[in-house]
1. Read through the list (1) farther than 30 Å from residue 451 by Cα; (2) within 14 Å of the ligand (Cβ to nearest atom); (3) of a type in the set (A, V, I, L, M), then give the number of the only condition that residue 418 fails.
2. Can you list the helices (runs of 4 or more DSSP H) found entirely within region 54-151 that contain at least 1 residues being modelled with pLDDT under 95?
3. Which of the residues spanning region 282-314 are of a type in the set (A, V, I, L, M), outside any helix (DSSP H, G or I) and under 17 Å from the mean Cα position of the chain (by Cα)?
4. Looking at the structure I just gave you, is residue 102 charged (D, E, K, R), more than 21 Å from residue 61 (Cβ to Cβ) and touching a helix residue (DSSP H, G or I) at 6+ places or on another chain (Cβ under 6 Å)?
5. Kindly indicate whether residue 264 is within 21 Å of residue 33 (Cβ to Cβ) and under 23 Å from the mean Cα position of the chain (by Cα).
6. So, of the residues in region 160-181 that are touching a strand residue (DSSP E or B) at 6+ places or on another chain (Cβ under 7 Å) and part of a helix (DSSP H, G or I), which turns out to be surrounded by the fewest Cβ atoms within 10 Å (Cβ to Cβ)?
7. Can you name the residue in region 36-56 that is acidic (Asp, Glu) and touching a strand residue (DSSP E or B) at 6+ places or on another chain (Cβ under 7 Å) and, of all such residues, is farthest from residue 118 (Cα to Cα)?
8. Under 14 Å from residue 388 (Cβ atoms) and of a type outside the set (Asp, Glu): is that true of residue 489 in this structure?
Amino acid sequence: MTKFIFVTGGVTSSLGKGIISASLAKLLQARGFSVTIQKFDPYINVDPGTLNPYEHGECYVTDDGAETDLDLGHYERFLNIPTSQANNVTTGRIYQYVINKEREGAYLGKTVQVVPHITDEIKRRILLLGHQDRYDVVITEIGGTVGDIESLPYIETVRQLKWELGSNNCLVIHLTLIPYLKAAKELKTKPTQHSVKELLEIGVQPDILVCRTEYPVNKEMRRKIALFCNVTINAVIESIDAETIYDVPLLMLKEGLDKTVMGKLKLTSKEEPNLDKWKEFLGKLKNPLHEVTVGLIGKYVELQDAYKSIHEAFIHSGTTNECKVKVVSIQSETITPENVAQLLGPLNGILVAPGFGIRGVEGKIAAIKYARENNLPFFGICLGMQCSVIEFARNVMGWQQAHSTEMNPDTDYPVIDIMESQKKVNQKGGTMRLGAYQCQIKKNTKAYQIYNSTLIYERHRHRWEMNNKYLDLFEENGLMATGTNPDTGLVEIVEHKKHPFFIGVQYHPELKSTVDNPHPLFVKFIKAAMDYRKKRETESIGIS
Ligand code: GLN
């Protein structure tokens with residue numbers, strides 16, 4: 001029988017429920033259980049695809065084309081198993097489903113209400129994930145903070161499931177904050193007590209408290225929390241600020257979170273968790289032998305979460321190369337042909353980020369020109385790849401007016417054009433080319449060297465594409481289409497023939513990089529940045 005674990009949050013948002021859920025899942029997985037994680041988001045958007053990255057960070061895309069919350073990225077990076085549409089559900093989606101059913105007459109004349117109809121639909125989606133794929137454990141993270149109006153139906157569903165499934169099959173982990181008062185030089189437990197009271201008011205007694213803290217929580221304080229929140233002492237788990245998110249599974253192991261969970265759910269495993277690979281990764285991450293500085297050029301750089309998966313992929317690929325990757329975020333709007341050399345001169349490589357709309361595009365193009373002309377490693381993702389095509393058309397082929405029809409619908413040289421299938425689309429949500437598609441790679445290319453395969457699957461999220469009308473001319477001039485979709489001929493990878501590392505991809509490789517499987521494109525990009533740095537250093541020694 002599948003066991004269900006719910007993770008709620010109290011006191012404040014941003015405590016890291018996603019990381020705690022992923023860490024617990026990692027520990028259970030390392031003990032041999034099959035685990036998946038699901039996230040419920042209490043907002044009305046049907047999915048986060050229509051949200052501005054400044055609002056909610058990156059939109060993470062799954063293989064099956066779901067536009068989801070960025071926490072799913074953490075789940076995949078920690079567990080190394082793909083998630084799907086079923087792993088992220090929003091209030092909007094629940095209501096949309098229930099309202100559609102009501103319109104079909106499926107409720108047979110009943111008054112459709114939050115309880116039971118909305119709560120039943122939430123319940124169905126939780127149980128479905130467990131039963132359908134026969135996971136040993138399903139961890140369900142409830143977004144938002146206990147006490148918010150919009151999370152009420154979710155907490156009510158948790159209450160009902162606790163009653164229906166029984167305490168051996170279902171438990172609630174409540175993540176809370178133990179703030180440190182500087183003036184009093186003390187950690188304070190009262191907010192935690194209040195937040196547990198808030199849960200109790202809705203009828204849910206948490207079984208485990210994970211206490212986020214800047215300082216260690218001593219025995220006496222743990223006892224106090226346990227007593228006033230009505231949990232066992234071993235169920236008070238300290239979650240102290242960590243150096244990196246990748247430390248958290250080991251910190252949770254030290255605190256015995258997995259053991260407490262297994263004890264309460266009557267789960268037995270003979271094995272101690274096997275975390276050898278994880279520990280090796282952490283060891284390398286913390287003791288790098290090399291260092292490179294790469295520029296991340298995008299228009300949402302003020303918010304780190306907007307490019308979450310790219311930052312994490314740099315960590316994975318840097319670690320593989322035993323290299324610390326220092327990422328300098330550059331707002332593309334600030335780059336001009338006049339300042340580009342000064343801005344990019346100190347870097348060992350640039351990644352030009354995905355994006356939508358015209359803001360910052362000219363800065364991206366100026367940066368790519370500099371990288372192309374100076375043999376600086378360049379890696380373009382989605383819009384970043386499209387900008388490299390525009391740059392090449394303008395500055396190598398001499399088509400000064402070349403553009404994407406996204407930015408200039410009347411351009412004489414639409415080198416990036418809207419996909420045929422997108423022309424009739426007029427709704428924004430969920431209508432892009434989304435999810436995993438095949439890409440065939442030509443032999444004797446850099447892409448082939450990197451992937452060591454002629455057929456790959458990568459995830460997409462775009463409406464525009466490279467215009468195949470100009471392909472021959474591009475190739476004659478040295479920008480090669482080395483990866484294409486075998487069914488549609490759509491260009492997926494471009495690379496520069498003579499440049500040491502100049503690769504643009506229409507898809508999002510960052511979404512598939514995990515601790516266990518760092519993405520080869522990122523690994524090789526960092527390697528190229530290391531080589532570039534070495535070459536520059538040797539050259540400068542030669543000169544002086
Ligand atoms: N705006 C571009 C398109 O829709 C690129 C999208 C992206 O970078 N994800 O094709």
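1. Looking at each condition in turn, residue 418 falls short on (1).
2. Details: elements: 71-79, 91-104, 119-133.
Because the criterion is at least 1 residues that are modelled with pLDDT under 95, the helices (runs of 4 or more DSSP H) in region 54-151 that meet it are 71-79, 119-133.
3. First, pick out the residues of region 282-314 that are of a type in the set (A, V, I, L, M): 282, 285, 289, 292, 294, 296-297, 301, 303, 306, 310, 313.
Those still in the list that are outside any helix (DSSP H, G or I) too: 289, 292, 294, 296-297, 301, 303.
Those that are of a type in the set (A, V, I, L, M), outside any helix (DSSP H, G or I) and under 17 Å from the mean Cα position of the chain (by Cα): 296, 301, 303.
4. Values: charged (D, E, K, R): yes; more than 21 Å from residue 61 (Cβ to Cβ): yes; touching a helix residue (DSSP H, G or I) at 6+ places or on another chain (Cβ under 6 Å): no.
Considered against the rule, which asks whether it is charged (D, E, K, R), more than 21 Å from residue 61 (Cβ to Cβ) and touching a helix residue (DSSP H, G or I) at 6+ places or on another chain (Cβ under 6 Å), residue 102 comes out as no.
5. On the way: within 21 Å of residue 33 (Cβ to Cβ): yes; under 23 Å from the mean Cα position of the chain (by Cα): no.
So residue 264 fails the test.
6. For region 160-181, the residue satisfying everything is 165.
7. Here is the first cut: in region 36-56, the residues acidic (Asp, Glu) are 41, 47, 55.
Checking the rest, the ones that are also touching a strand residue (DSSP E or B) at 6+ places or on another chain (Cβ under 7 Å) come to 41, 47.
Numbers: 41: 14, 47: 17 Å.
Here the answer is 47.
8. On the way: under 14 Å from residue 388 (Cβ atoms): no; of a type outside the set (Asp, Glu): yes.
In short, no.
The values are calculated or read from the model by the stated rules, or taken from the named source; none is laboratory data. The structure displayed is predicted, hence computed values, not measured ones. For neighbour counting, all protein chains shown are included, and Cβ atoms are generated from backbone atoms with ideal geometry for every residue, glycine included.
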